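Note sheet for the following structure.
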Amino acid sequence: MRRSPAGLQREAAARAAFCEFFGECSVYRSADSDAQNPDSAYKMQAGNSRINLTYHVFTESSTSENSNSNQAVSAAIDVLLNLLCVGFLGPNSSGTSKAVSPLATIFGAPHISYAATSAELSDKSNYGYFFRTTPADNGQARAIAEFMQYTGWESFSIINTLDAYGSFGAKEVILSARSIGLSVAAHQEVLSGETSEDVLQEKLKKISSTRVRVVIIFMLDEDAVRVLRQAELLGMTGEEWTWLASDGLSGFDFIAGGLSEKTAKGFIGFNPFSTYTNSEYTSFQGRWNSTYNRPGGIITDYKNSSYTSLISAEINPVNYNNYGESFNSYAFYSYDAMLVLLTAIDDLAKEGINPCNRTLEDFRSGLAMKIRQTSLEGISGLVSFDENQDRDASEYDVKNYDGTTWRNFATWTSSTSFTFKNSFTSENTPVWSNGQIGIDAAPSGTVQNTLYEFQNYRGIFLAFTVLEIGLVLGLIVLTILLRNNGIIKAMSINMMQIINFGALLSLIGIILMYPEPTDSLCQASPVLLHIAYVLVYGTLFAKNNRIKHILVDSADFSENRSYSDIVYLKPVAAMMIIVRLFN
């Protein structure tokens, strides 16, 4: 678990599932405590006529960071070697899950994450014992791409953290977007934890330099806040900009996080579906509000900006809603992850299989197989696993920050695409950064290049350029026709044609500036102009050298009539090589 308000809620939900599965449970604190994992001192025990289980809690990160792979690996080693556990929940993030999973594979212990969404973890050749009750990012990627298509945007930029969550999430978004005809204007990556303002601004400036004003930010909230603060300074928020947030940021309290309303307004966010209508969800919500999330309940205490206790056995916990923390959407998946693990263990016990009559290795292997077969109705809906041991369905809430709060206005599913919720329609939502409302009022997603304010003048300029191309082509033809003329021979027909060809390339380079800019056109135009410059002026230099030999060094020239144009053009060839090296 991660020691944060959201992380502690997820653990509290798993703890609730543990107690509710058996009807009751006991909490105790052991005398010894791991300095790196103080929470491991807290344990819970419960059982029935078939099994008795102990539930241990380990910390994967502190309150000041999103995840700590070293700490998570240390906890996993302790769990697998010292406690000889049969399976475990978590870790919380994709990065720590990626770090811990090889250990689980070596020991054959299944682990079920409730919040790791990276598509990389679907690769069972590397993560064979990894399961998850939360949807993988490929579903979220489709939801983001299809929303952009639904809104009418054709191009977007994306910035992500260089980690398991950000890199693979962004990759999935780009693949999904391209599969439906959308294009990527810019893709930038930053290191997780990057604090250099210069580095962040350099990445953002590359996005701003495009004409596209739709930006996807695929990273966790702490990194996202740092990026958005720099975006504010660069003027990359507000009326002409639209930002889309992955589930790592969606739902974040922008104002409490120190960001302005100008930055926050109009944000579109995506979160795993959290408003269920099944009886299990409704029942648990009632129990959470009446029993757990109140003084004396099971919810972990978060008070005065510090964590005063993990399991609130002795002190009154604080209601999270007083601190702006509504029930975290991933807590549903945490509850169901515990429910899946306990159900699989209990099903094995019903078959007479337990760690007492099997080797630990055999039991863990059998437990992994039983988890693959498990299908149950949890508080987050139907929970079952596909061939990659991912949750077998993708459902996402689509949210909009209207300037004061997040509004959950639509649902996306892999089968039905978008469905507006409650009284929301495409006419009254979302609220965009410019204050306009409704899908049809969505910003264009691009800004007009200032060059295009003078289209008429540019058209005249283009016409003159085409006319000049015609004149140059005429000179080329005329030179060929008059190749036996004495004057043309004296001028060197080869050098004349090289100059004509250079002039033609320069005009083509100018024409490439006319269409809307693309990376290819912006690279091709200066290359052609540089080559043209060398061909024209380099050849003129060669002609001058040739004339010098004829007029000044006439005696030498008459004795060496074997001089060919190639001799004089060698410097031109050298300059062409230099141009090639620097373009």
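Couple of notes before you dig in:
- Relative to the 2.2 N^0.38 Å rule of thumb, region 149-238 has a C-alpha radius of gyration ratio of 1.04.
- Straight-distance crosslink candidates among lysines, where the alpha carbon sits under 17 Å from LYS350 and sequence neighbours closer than 8 are dropped: LYS370
- VAL527, VAL567, ranked by accessible area, largest first (probe 1.4 Å): VAL567, VAL527
- Computed over neighbours whose Cβ is under 12 Å from that of ASP346, the net charge equals +1, Lys and Arg +1, Asp and Glu -1.
- Nonpolar atom fraction for region 468-528, defined as the carbon and sulfur part of the 1.4 Å probe accessible area, stands at 72 percent.
- Base-10 log of normalised Debye intensity for region 125-195 (one unit scatterer per alpha-carbon) at q = 0.17, 0.22, 0.23 Å⁻¹: -0.69, -0.97, -1.02
- For LYS548, the lysines whose Cα falls under 22 Å of its own Cα, not counting residues fewer than eight places away in the same chain, are LYS489, LYS570.
- Remark on region 339-459: hydrodynamic radius 19.5 angstrom, per the Kirkwood mean of 1/r across alpha carbon pairs.
- When only Cα pairs below 8 angstrom with a gap of at least 6 residues are kept, region 169-264 shows a relative contact order of 26 percent.
- Measuring nothing but protein heavy atoms, the accessible surface of region 147-282 at 1.4 Å probe radius is 47 percent carbon and sulfur.
- Taking all protein chains as shown and a probe of 1.4 angstrom, CYS356 keeps an accessible surface of around 130 Å².
- Whole-Å semi-axes of region 335-406's equivalent ellipsoid (Cα gyration tensor): 35, 12, 10
- Contact order normalised by residue count of region 112-183, Cα under 8 Å, 6+ apart, percent: 36
- Largest accessible area first, the listed residues ASP392, ASP347 line up as ASP392, ASP347 when surface is computed with a 1.4 Å probe on the assembled protein chains.
The values are calculated or read from the model by the stated rules, or taken from the named source; none is laboratory data. Source: prediction; values computed, not measured. All Cβ positions, glycine included, derive from the backbone under ideal geometry; neighbour counts span all protein chains shown. Side chains are part of the model used for accessible areas, which takes the heavy atoms of the whole protein and leaves out ligands, DNA and RNA. Shrake-Rupley method; radii C 1.70, N 1.55, O 1.52, S 1.80 Å.
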